[in-house]
Amino acid sequence: MKTTFKILEIINVCALMFMLIGGYGLPVTGFLQVIAAILFLIIFPKNKLIYIYFGLVILFFLIWDGVFSWLMLLPISLAFFLTFIIYNQKKKL
């Protein structure tokens, strides 16, 4: 379990690094974040924060019209929210 958790942390850090590229890095960041979130969900299915994360991801894709606008703040916020979820769970281990 600790190895899988370490993999989650590495994926999350890589995703945050792609965010530094700007608009072009957001799709890669989003992809890596969703992969990390799915792994997290498999390991910790009782964590309620991960369900909130997936709800916000679904909400983003429902209201996004394909244009870069103020709505792009939500994926950036989701990246930091997932980071909070992962490190908050790490404290509980």
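The values are calculated or read from the model by the stated rules, or taken from the named source; none is laboratory data. Quick caveat: nothing in here was measured; it's all calculated off a predicted structure. Cβ sites come from the backbone with ideal geometry, for glycine too, and all protein chains shown count toward neighbours.
If you go through the stretch 19-29 and keep only what is more than 12 Å from the chain's Cα centre (by Cα) and without any contact (Cβ under 8 Å) to a residue 12 or more places away in the chain, you end up with LEU20, ILE21, GLY22, TYR24, GLY25.
The residues on offer are LEU56, LEU16, and the sole one that is under 11 Å from the mean Cα position of the chain (by Cα) and farther than 15 Å from ILE86 by Cβ is LEU56. Residues in the stretch 30-53 that are surrounded by fewer than 10 Cβ atoms within 10 Å (Cβ to Cβ) and not in a helix (DSSP H, G or I) were compared, and the one that is nearest to the chain's Cα centre (by Cα) is PRO45. I'm trying to understand the selection: among the residues of the stretch 1-19, which are at pLDDT 80 or above and among the hydrophobic types (A, V, I, L, M, F, W, C)? Result: ILE7, LEU8, ILE10, ILE11, VAL13, CYS14, ALA15, LEU16, MET17, PHE18.
The rows are residues; the columns are (1) of a type in the set (A, V, I, L, M); (2) farther than 15 Å from PHE5 by Cβ.
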{"position": "GLY30", "(1), (2)": "no, yes"}
{"position": "LEU39", "(1), (2)": "yes, no"}
{"position": "ILE42", "(1), (2)": "yes, no"}
{"position": "PRO45", "(1), (2)": "no, no"}
{"position": "ILE50", "(1), (2)": "yes, no"}
{"position": "TYR53", "(1), (2)": "no, yes"}
{"position": "LEU59", "(1), (2)": "yes, yes"}
{"position": "LEU74", "(1), (2)": "yes, yes"}
{"position": "ALA79", "(1), (2)": "yes, yes"}
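When the stretch 25-49 is filtered for residues that are in contact with a Leu (Cβ under 8 Å, 6 or more places away or on another chain), under 14 Å from SER77 (Cα atoms) and among the β-branched types (Val, Ile, Thr), only THR29 remains. ILE21 meets the conditions (1) surrounded by 14 or more Cβ atoms within 10 Å (Cβ to Cβ); (2) assigned to a loop (DSSP other than H, G, I, E, B) in every case but one. The failed one is (1). Criterion first (of a type outside the set (Phe, Trp, Tyr) and either surrounded by fewer than 11 Cβ atoms within 10 Å (Cβ to Cβ) or in contact with a Gly (Cβ under 9 Å, 6 or more places away or on another chain) (or both)) does PRO27 satisfy it? No: the conditions fail for PRO27. Checking the stretch 74-91 against the condition returns no match, with no residue being surrounded by fewer than 10 Cβ atoms within 10 Å (Cβ to Cβ) and either among the aliphatic types (A, V, I, L, M) or not in a helix (DSSP H, G or I) (or both). For a quick check of your reading of the model, give me the residue pairs whose first member lies in the stretch 49-70 and is touching a residue at least 24 places away in the same chain (Cβ under 8 Å) and farther than 17 Å from ILE38 by Cα, whose second is assigned to a helix (DSSP H, G or I) and of a type outside the set (S, T, N, Q), with beta-carbon atoms closer than 9 Å and at least 6 apart or on different chains. Close Cβ pairs satisfying both conditions: PHE68/LEU26.
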